[in-house]
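Data block below; observations after.
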Amino acid sequence: MSSVITVTADDLALPLEQHVARISAALDAYGHLIALASPDPADPGRRRLHTVRAALEADRMAIVPVDLPPLAAALLGEQLRQLAGTDLGPGVLAGAARLLSYYLYSGALLGSVSKLDRVPVTVGKHFKSLVPGRHFAVMAHPEPGLTEAGPDAVPPGPGFLTQLAVAGHGLDAGWVTGPLAAAWRTQHIREVPLPEGSARWWGTGRLVEFTAYIADIGILYQLVTSVRRDTCPWCGLEVIGDQCLFCSTRLGDRADRAADRSDRTQQVAAQEQPLRRPQQQRPPQYQPQHQRQEPPSRELPTPNRPQLEPHKR
């Protein structure tokens, strides 16, 4: 059974040898590991994961970059843990991380956007954030957006049934649990602790982070199993998508090479076809004069002469 892990500040504080030992023990216990990491190659957590993977030479560990706020990333990991209890293989689960991220609607209610760099912020919004009492509704996924929060100012939400996870600190969550939840037709509101990296991600410690997600494991399983599956030509895992996230083999490479080779063969054949000439009779070979054969001579017929009698000769 696969396992899904995330790297926190506590993990980064561990010595590398201890972190390698923990990952090695998890691989022995579960067989495969799926790690959700930041899409930034310079992120310390992602660099630590690649270091551990290289130290273990573990091709059973997939590092999946996801560009999500902290609360949405935590909920995605929770969904994958639930699906790990089904009959889905590790390659399919790793590809499901990208698939299920499209069904997450994540944002935050902020008291200030002066240090927000994840979403484009206009100069006017920067000045308005300096006024006390202003609140801003910021959407980070799936489409970035920024508006002033109000009873009638609600960002567009999902068109399917979801639950709403809410985590806050320093701000009243009434707008999120009230107008936003009503407009998004939320089935259930779930209050969770604020993730450790939320304040750094959103640029302020006074916020209410929210994420709409699918909580029904049956629907999640149906979404994943409805996608076409292929077999990785290198490691043999069953995967979804265009790449195996364990061995980094792109499934389209072989098909593309075969198509290119076929096209190239057809182009060469088309270029050679006009150069082909119909077979002609070979011209007579030249022979030197001393080796030339004279044509057979024709003997002239002997004329019929009259025969003279002996006494007339």
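The values are calculated or read from the model by the stated rules, or taken from the named source; none is laboratory data. Note that the structure is predicted; figures quoted are calculated from it, not measured. Quick reminder, even Gly has a Cβ in these numbers, built from the backbone with ideal geometry, and neighbours come from all protein chains shown. Accessible surface areas use protein heavy atoms only, side chains included; no ligands, DNA or RNA. Shrake-Rupley method; radii C 1.70, N 1.55, O 1.52, S 1.80 Å.
If you consider only alpha-carbon coordinates, what radius of gyration and Dmax does the range 116-246 have, in Å?
According to the Cα coordinates of the range 116-246, Rg and Dmax are 18.6, 59 Å.
Per residue, how much accessible area does the range 91-208 have with a 1.4 Å probe, in Å²? Spell out each step's value before the answer.
Values: 5880 Å² over 118 residues.
Each residue of the range 91-208 exposes 50 Å² on average to a 1.4 Å probe.
Could you give the length gained by full extension between Arg200 and Lys115, i.e. 0.36 nm per residue of separation minus their alpha carbon distance, to one decimal place?
Going from the current span to full extension adds 29.6 nm.
From largest to smallest, what semi-axes in whole angstrom does the range 58-97 give when each is the square root of 5 times an eigenvalue of its alpha carbon gyration tensor?
18, 14, 7
Determine which residues of the range 79-114 fall in the zone a paramagnetic label at Ser226 would reach in this model, i.e. backbone nitrogen under 13 Å from the point 7 Å along Cα→Cβ.
Taking a point 7 Å out along Cα→Cβ of Ser226, the residues of the range 79-114 whose backbone N falls under 13 Å are 100, 103.
Could you pull out every residue, at least 5 positions away or on a different chain, whose amide H is within less than 5 Å of the one on Tyr105? Hs are placed 1.01 Å off N in the peptide plane, and Pro or chain starts have none.
Close amide H contacts, sequence-distant or interchain: Ala212.
Scan the range 140-238 for trypsin sites (Lys or Arg not before Pro) in coil per DSSP, keeping those whose Cβ has at most 11 other Cβ atoms within 10 Å, and list them by number.
Qualifying residues, ordered by number: Arg228.
Regarding the range 16-143, what whole-number volume in Å³ per residue does the convex hull of its Cα atoms give?
Cα convex hull per residue, to the nearest whole number: 129 Å³.
Ignoring ligands, DNA and RNA, what percent of the 1.4 Å accessible area of the range 115-252 is carbon and sulfur?
53 percent
Count neighbours as other Cβ atoms within 10 Å of each site's Cβ, and list the chymotrypsin sites (Phe, Trp or Tyr not before Pro) in the range 14-123 that are DSSP loop with at most 12 such neighbours.
Here the chymotrypsin sites (Phe, Trp or Tyr not before Pro) that fit, given the DSSP loop and packing criteria, are Tyr102.
³J(HN,Hα) across the range 78-88 via Karplus (A = 6.51, B = -1.76, C = 1.60, θ = phi - 60°), whole Hz, x for Gly/Pro?
These are the phi-based 3J(HN,Hα) values: 5, 4, 5, 5, 5, 6, 5, x, 9, 8, 6 Hz.
Could you calculate the contour length gain from Thr51 to Trp234, that is, 0.36 nm times the residue separation minus the distance between their Cα atoms, to one decimal place in nm?
That works out to 63.6 nm of additional length.
Simple spin-label model, 7 Å along Cα-to-Cβ: Ala153 to Ala25 in nm?
In this crude label model, Ala153 to Ala25 measures out at 5.1 nm.
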